[in-house]
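The values are calculated or read from the model by the stated rules, or taken from the named source; none is laboratory data. Please read all numbers here as calculations on a predicted model, not as lab measurements. Cβ atoms come from the backbone with ideal geometry, glycine included; neighbour counts cover every protein chain shown. Areas reflect the complete protein model, heavy atoms only, side chains present, ligands, DNA and RNA absent. Shrake-Rupley method; radii C 1.70, N 1.55, O 1.52, S 1.80 Å.
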Amino acid sequence: MERPMETSSGLFHPSKIVAVGLNYFDHAKELNMPVPDHPILFLKPPTGLLGDGQPIVHPAQSREVHYEAELAVVIKDRVRNISAAEAPAHILGYTCANDVTARDLQKIDGQWTRAKSFDTFCPLGPRIATDVDPRNLNIVSRLNGVTRQASNTREMIFDVFRLVEFISGIMTLLPGDVILTGTPPGVGPMKIGDTIEIEIDHIGVLRNKIAGAEENRQSGG
Ligand code: MG
């Protein structure tokens, strides 16, 4: 079973997008970072949502805008304080996400809100797949057709169901809320004119071009 995404016309309205930092063993190894003992969370604003095929706008304030391929979880109903075992029944499905990040601004600010929150910095799509086991999915990113990230969700430090348990113990999750589950190794910069693709097994390919702010304004975006 599959559901179309409804982001481009604004019909898809999560109350929040909860994202997880450093959640792949292979990425922690790449960065020489210790494996965290609990998920590190941050929020992206729903105003950053973007559909498949729409342009990511490169903000003039940043000189280093990165892709991050991520599995996105879409919540089905209102939940609070549920266990990992209860989580699957409350998940609508899964889609591809790009946790677009202004890496230079992330370093300057020392926290992540500005770097992660520009309009168009949360592409999702191309569809919500409902019959998928999120614990064993190949996840890939390609920049202009060249593979940059290639891993599997079994490399996650905290799997999807443990993330739902952890997050629902902090905040009520509402229907349509989105959880971004972290990125594998190989993140890097995108330039204006580039095409970035995120592909996950049994979900599909999320494809977006990078546009300059001026170009986008002229096209009425
Ligand atoms: Mg990320």
**Item:** Hits in the range 135-146 - residues which are open to solvent by 10 Å² or more (accessible area, probe 1.4 Å) and assigned to a loop (DSSP other than H, G, I, E, B)
**Value:** ARG135, ASN136, ASN144, GLY145
**Prompt:** Do we find that PRO126 is in contact with a Cys (Cβ under 9 Å, 6 or more places away or on another chain), farther than 22 Å from GLY21 by Cβ and open to solvent by less than 60 Å² (accessible area, probe 1.4 Å) in this structure?
**Reply:** yes
**Filter pass, ASN81 being away from the ligand (no atom under 16 Å from the Cβ), out of contact with any helix residue (DSSP H, G or I) (no Cβ under 8 Å at 6 or more places or on another chain) and open to solvent by 60 Å² or more (accessible area, probe 1.4 Å)** = no
**Asked** Considering only residues of the range 105-134 that are part of a loop (DSSP other than H, G, I, E, B) and among the β-branched types (Val, Ile, Thr), which is nearest to PRO14 (Cα to Cα)?
**Response** THR120
**Prompt:** Of everything in the range 65-78 that's away from the ligand (no atom under 15 Å from the Cβ) and in contact with a strand residue (DSSP E or B) (Cβ under 6 Å, 6 or more places away or on another chain), which residue is nearest to ASN138 (Cα to Cα)?
**Reply:** VAL74
**Request:** Answer yes or no as to whether SER83 is hydroxyl-bearing (Ser, Thr, Tyr) and farther than 19 Å from THR181 by Cα.
**Result:** no
